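For reference, the structure discussed in these notes is given below.
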Amino acid sequence: MNLSLKIIIALVLGAITGILLNLFAPGLFTPLNAYIFVPIGKIFINLITMLVVPIVFISIALGTAGLGDPKKLGRIGLKTISYFLVTTSIAIVIGLSLAFIFQPGNVGTYNTEGLEYSSNEAPPISDTLLNIIPKNPFQAFAEGNMLQIIVLAVLFGFALTILGTKVARVKEVLEQGNDIMMFLVNLVMKLAPYGTFALIATAIGTQGFDAMKAMSLYMIVVILALIIHTIFTYGSSVLLIAKRNPIAFFKGFAPAMGVAFSTSSSNATLPVSMSVAQKNLNVPKSISSFVQPLGATINMDGTAIMQGVATIFIAQVYNVDLSVTSLLIIVLTAVLASIGTAGVPGVGLIMLAMVLTSVNLPVEGIALIIGIDRLLDMARTAVNITGDAACAVIVAETEERAANKAELAVK
């Protein structure tokens, strides 16, 4: 039985276990959750998270050095960021459209009296861009500041390229370090089915069937938007731009999607998603090492979909009509917020608070959806990392075609 199938079985069994315990044995769920599910899930997440910072630094440094030509680095960077901005815009438009069609906020009765929600204030986008250069590299590593680590790694890789044979041993050490990290990722992935089972059982069992039932239409709209975006936006871009079979793409990337679904963290899943993209999707290490860590930090299509649906849902609950201008502001704010809130804990709800504030909707409305946000966070994280992988595949294929064309021109 391959790993993908094991993870899928673990997801299904974990969900069933969580629902059954919540419905028929809530008293048994509490000790099982406290002493079995939570510890196993936390150990699994900690094992993966432990590898994130060294993998990102080593991979991007080697990836940048592997690209060699600074012009190629700039070209790949432009392709990557352009793809992320375009797909994030498409994602939020899909979310807004489905929310208007199904109108989840107009179905049922929602009590908004006494609702309270306080959000951590997200840093201004300008601050994020100004602070991407670390004052103290060691502090960036200790805090896991991914944007700063990426910038430092790119500069380090650029230096490796320019200095060439002078630093050959340093590059060799990094390559050996990368081999060690990949070995550890494969080792940790053997525990993935058990970690997945525990994390899903906790998430489903804690939320309960009643909470899911009350917010069922909102959940359905978000999940439907995520599926449409994944299949049509990513699938069509892989088919039309990369000239690859979308079914083979999704099948090959399935193990990483399963881990992302259970951990709800793009950064925590990064070691797995890079490994899977390189092995199953044949993305060159140099491109995977650059595109996917950047995507895990700033590309949040799944989160953008949630923001679109949640904003319309809250507007409908509070009987607020949004103008065309307000809708354009929502799209623009959500796209920019995906960069401005990079690396902030609870990023989805913080970004939503920013969007709601931009169109004068009550931030307290977030309290209506926070109960089932953990479940939806799992789904949108899987979508987020799939977008990163699709971008890596597209960049890899277009670069290969350009290289082949240049080679033929020389001949």
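Could you tell me whether region 17-37 includes any residue that is surrounded by 14 or more Cβ atoms within 10 Å (Cβ to Cβ) and closer than 27 Å to Met300 by Cα?
No: region 17-37 contains no residue that is surrounded by 14 or more Cβ atoms within 10 Å (Cβ to Cβ) and closer than 27 Å to Met300 by Cα.
Given (1) at pLDDT 85 or above; (2) closer than 23 Å to Ile231 by Cβ, where does Pro284 come up short, assuming only one miss?
(2)
Among the residues in region 296-306, are any under 27 Å from Gly41 (Cβ atoms) and free of Cβ contacts under 8 Å to residues at least 40 places away in the same chain?
No; the residues of region 296-306 include none that is under 27 Å from Gly41 (Cβ atoms) and free of Cβ contacts under 8 Å to residues at least 40 places away in the same chain.
Which fully enclosed helices (runs of 4 or more DSSP H) of region 225-326 have 3 or more residues being in contact with a Ser or Thr (Cβ under 9 Å, 6 or more places away or on another chain)?
Values: elements: 235-240, 246-263, 266-280, 285-298, 301-317.
By residue number, 246-263, 266-280, 285-298, 301-317.
Before we move on, is Ile330 crowded, with 16+ Cβ neighbours inside 10 Å, at pLDDT below 85 and closer than 22 Å to Val93 by Cα? Walk me through how you get there before you give the answer.
Values: crowded, with 16+ Cβ neighbours inside 10 Å: yes; at pLDDT below 85: no; closer than 22 Å to Val93 by Cα: yes.
So Ile330 does not fit the description; no.
For every residue, the table says whether it meets (1) without any contact (Cβ under 8 Å) to a residue 12 or more places away in the chain; (2) closer than 30 Å to Ala25 by Cβ.
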site	(1), (2)
Gly195	no, yes
Ala203	no, yes
Thr206	no, yes
Leu224	no, no
Phe232	yes, no
Leu240	yes, no
Ser262	no, yes
Leu270	no, no
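Could you list, in sequence order, the residues of region 50-101 that are among the aromatic types (Phe, Trp, Tyr) and within 27 Å of Thr263 (Cα to Cα)?
We begin by selecting, within region 50-101, every residue among the aromatic types (Phe, Trp, Tyr); these are 57, 83-84, 100.
The answer is Phe57, Tyr83, Phe84.
Considering each residue of region 367-411, count those that are β-branched (Val, Ile, Thr) and at pLDDT below 85, and give that number.
Step one: of region 367-411, the residues β-branched (Val, Ile, Thr) are 369-370, 372, 381, 383, 385-386, 393-395, 398, 410.
Now drop any that are not at pLDDT below 85, which leaves 369-370, 372, 410.
The qualifying residues number 4.
Checking the structure you have, find out if any residue of region 30-40 is more than 24 Å from Leu217 (Cβ to Cβ) and among the aromatic types (Phe, Trp, Tyr).
Going residue by residue through region 30-40, those that are more than 24 Å from Leu217 (Cβ to Cβ) are 30-40.
With the extra rule that they be among the aromatic types (Phe, Trp, Tyr), the set shrinks to 35, 37.
So far as region 30-40 goes, yes, one or more of its residues are more than 24 Å from Leu217 (Cβ to Cβ) and among the aromatic types (Phe, Trp, Tyr).
Here are some conditions: (1) at pLDDT below 80; (2) in a helix (DSSP H, G or I); (3) under 18 Å from Val291 (Cβ atoms); (4) not charged (D, E, K, R). Val151 meets all but one. Which one does it not meet?
(1)
The values are calculated or read from the model by the stated rules, or taken from the named source; none is laboratory data. All of these numbers come straight from a predicted model, not from anything done at the bench. Here Cβ is always computed from backbone atoms with ideal geometry, including for glycine, and neighbour counts include all displayed protein chains.
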